[in-house]
1. Based on Cβ point charges of +1 for Lys and Arg and -1 for Asp and Glu, what charge dipole magnitude is obtained for the chain about its Cα centre, in debye rounded to the nearest 20?
2. Return the loop-located trypsin sites (Lys or Arg not before Pro) in segment 202-273 (DSSP other than H, G, I, E, B) with at most 10 other Cβ atoms within 10 Å of their own Cβ; answer none if there are none.
3. Based only on other Cβ atoms within 10 Å, what is the fewest-to-most ordering of Asp247, Asp29, Asp95?
4. Please list, ordered by chain and number, the residues whose modelled amide H lies under 5 Å from the amide H of Trp26; skip anything fewer than 5 residues away on the same chain.
5. Roughly how many whole Å is it from the C-alpha centroid of segment 50-77 to that of segment 227-273?
6. Across segment 61-76, in residue order, what do the Karplus-derived ³J(HN,Hα) couplings come to in whole Hz, using 6.51 cos²θ - 1.76 cosθ + 1.60 with θ = phi - 60° and x for Gly and Pro?
7. How do His236, His185 rank when sorted from fewest to most other Cβ atoms within 10 Å of their own Cβ?
8. Quick check on the exposure proxy: order Arg168, Arg253 from fewest to most C-beta atoms within 10 angstrom.
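Just so it is clear, none of the values below were taken in a lab; they were calculated from the coordinates. Keep in mind the model is a prediction, meaning the values are calculated, not measured. As a convention, Cβ positions derive from the backbone with ideal geometry for all residues, glycine included, and neighbour counts pool all protein chains shown.
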Amino acid sequence: MTRLMLLLAVGLFASLGQAATIEDGWGRDVHIEGHPRRVAALAPHLAESLFALGIGDRVVAAVSFTDYPAAARQVPRVGDALALSWESLTALRPDLILVWGATLTRERLARLEGMGVPVYVSEPRSLSDVERELRVLAEALGGDLAIAEAFAARLAALSAGGEERPLRVLPLISASPLMTLSRGHFVDDLLARCGAVNPFAVAAGPVVRLSSERLLRSELDLILNLGTAPLPDNLHLPRSVMVADLDPDLFVRPGPRVIEGAEALCGLLGELP
């Protein structure tokens, strides 16, 4: 084989994509042939990740609340993360399914695998896991690896502050009923990187219910409102606590924009008296 023919063959092989075995968020080996062209992204952060990696044109199925970037709103819906329309999903003929482990049961996973295509389970438990997932998806699907590298650089630049004690931050995902995130959620890692801790996080999860009395008696430096509306006027808060209304999508979606949430929170905490 001449050098020119060899270069052409290598280029053709690269364009077709190579088979790869990747490890997903549940520690499962997922075998992918080539670069899938019809991807079902069954969580908003997964669609967002693929668009960020420059391969959003391959997303053929999404779920409710998939709204970023704007182009993702045009992707056909197949239900929501907890209740899929199996008929709609099958009709779109995906050759790869990405699904969020937080919304998945073993039974639902078995049904997805029964469709005969690879199923990748996403379950980042830290910001480093988000960076790793971006890197894995970029390498396996032929996306822009520079996105993962930029995320890693911004993550490394975060400062944990250096305070003598962690700042007490309550990430409130609902005001009625009062709910926060449990220990082990990736937001715990985000808080720690900003020198903060959620004093209400417990091991059992995925969420923690709070009473209004317990909230009122607590000692907090900041309440991070991650709900979809401002806190109600009749909610009694601890004296002198600050409330920050930041974009919840930057905190509850473990995708490429979560680094923006971390940077915003670190900056805000750095300005606290």
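1. Details: 25 positive and 33 negative charges, 90 e Å.
With only Lys, Arg, Asp and Glu charged at Cβ, the dipole is about 440 debye.
2. Details: sites: Arg209, Arg214, Arg217, Arg239, Arg257; in loops: Arg239, Arg257.
Qualifying residues, ordered by number: Arg239.
3. Asp29, Asp247, Asp95
4. Amide H neighbours of Trp26, under 5 Å, 5+ apart: Val121.
5. 26
6. Per-residue couplings from phi come out as 8, 9, 10, 3, 6, 6, 9, 9, x, 4, 4, 5, 5, 8, 6, x Hz.
7. Working: His236 8, His185 25.
Ordered from fewest to most neighbouring Cβ atoms within 10 Å, His236, His185 come out as His236, His185.
8. Details: Arg168 19, Arg253 23.
Ascending Cβ contact count within 10 Å gives the list Arg168, Arg253.
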